[in-house]
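Colleague: Just dropping this structure here.
The values are calculated or read from the model by the stated rules, or taken from the named source; none is laboratory data. Keep in mind that what you see is a predicted model, and the values were worked out from it rather than measured. So basically every Cβ, Gly included, is an ideal-geometry build from the backbone, and we count neighbours across all protein chains shown.
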Amino acid sequence: MYRSMTEIPGYTVTTTDGESGKVSDFLFDDKERIVRYVVVRTGGWLMGRDVLISPVSIKDADHKTKNLTTVLTKKVIENAPGVDTAKPVSRQQEMILVSYFDWPMYWAPILIPDVTNEATSAQIKEVAEAEWDTHLRSVRELVGYHINCIGDTIGHVEDLIVDLESWIVRYLVIDTANWLPGKKVIVGYDWLTDIRWDHKSVHVDLTRKQIETAPPYSSRTSINRDYEESLYDFYGRPTYW
């Protein structure tokens, strides 16, 4: 089941024994293109605090009732360690969450360099920094970034589409309003070549003409296998399935 990631924020988080806040954002791994955490605002929008829960604890997302149902209790969520989502989430914070929720670690074991083999402190630092880069990014932050296609710029990021069964980010929605009034198109997330967080831009391996002539997309579009086959056929890309 595919869902808009800008649609779910605002959904009520329903626990096994009541309600506990609302979804405010998602944190996804921009390299592995998978959602790692759902950001839940507990205690109200103004005076509340943000906690992170793993998608593995999500039981269902109901579009009609705007509910995100979890297998967690209200107490577990409300007592979870709070995070400042305005700052990058560190691996240390993730380890605290893993310990609290008793989740399995999704990252590979950290490799410690052998200091007996003439490893310098600079090399140790370089390895440590590389291993501790979690690549966690906010969906809310990404929306609005400029789209750079091959040799040109066209539109901005409107939305991300996620597969709720695997929590893999499958598609990026591009709004071309500044160039093509009212037109939105959808492209595969794995067609992106780079996300420049410092420049607030996304680079996609497509030409301007391909995007301009792509089939229009709207929130009412049903993304099923037939639609995906026609989409990949239009762009001439190999399918992921």
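Colleague: Any residue at all in the stretch 224-239 that's touching a Ser or Thr at 6+ places or on another chain (Cβ under 6 Å) and surrounded by fewer than 16 Cβ atoms within 10 Å (Cβ to Cβ)?
Modeller: Yes: the stretch 224-239 contains one or more residues that are touching a Ser or Thr at 6+ places or on another chain (Cβ under 6 Å) and surrounded by fewer than 16 Cβ atoms within 10 Å (Cβ to Cβ).
Colleague: Related question: When the stretch 192-223 is examined, which residues are found to be surrounded by fewer than 15 Cβ atoms within 10 Å (Cβ to Cβ) and under 23 Å from LYS31 (Cα atoms)?
Modeller: The answer is THR193, ASP194, ARG196, TRP197, ASP198, HIS199, LYS200, THR207.
Colleague: I've got another one for you. So which of SER219, SER201 ends up being more than 23 Å from GLU7 (Cβ to Cβ) and not acidic (Asp, Glu)?
Modeller: None of the others qualify; the one that does is SER201.
Colleague: How do the strands (runs of 3 or more DSSP E) wholly within the stretch 1-114 filter down when requiring 2 or more residues that are modelled with pLDDT of 95 or more and under 30 Å from SER218 (Cβ atoms): which remain?
Modeller: Where strands (runs of 3 or more DSSP E) fall fully within the stretch 1-114 and carry at least 2 residues being modelled with pLDDT of 95 or more and under 30 Å from SER218 (Cβ atoms), they are 12-15, 18-29, 34-42, 67-70.
Colleague: Related question: Of all residues in the stretch 1-50, how many are closer than 18 Å to LEU160 by Cα and among the aliphatic types (A, V, I, L, M)?
Modeller: 9
Colleague: Can you name the condition, by its number, that LYS125 falls short on among (1) at pLDDT below 85; (2) in contact with a strand residue (DSSP E or B) (Cβ under 7 Å, 6 or more places away or on another chain)?
Modeller: Failing condition for LYS125: (2).
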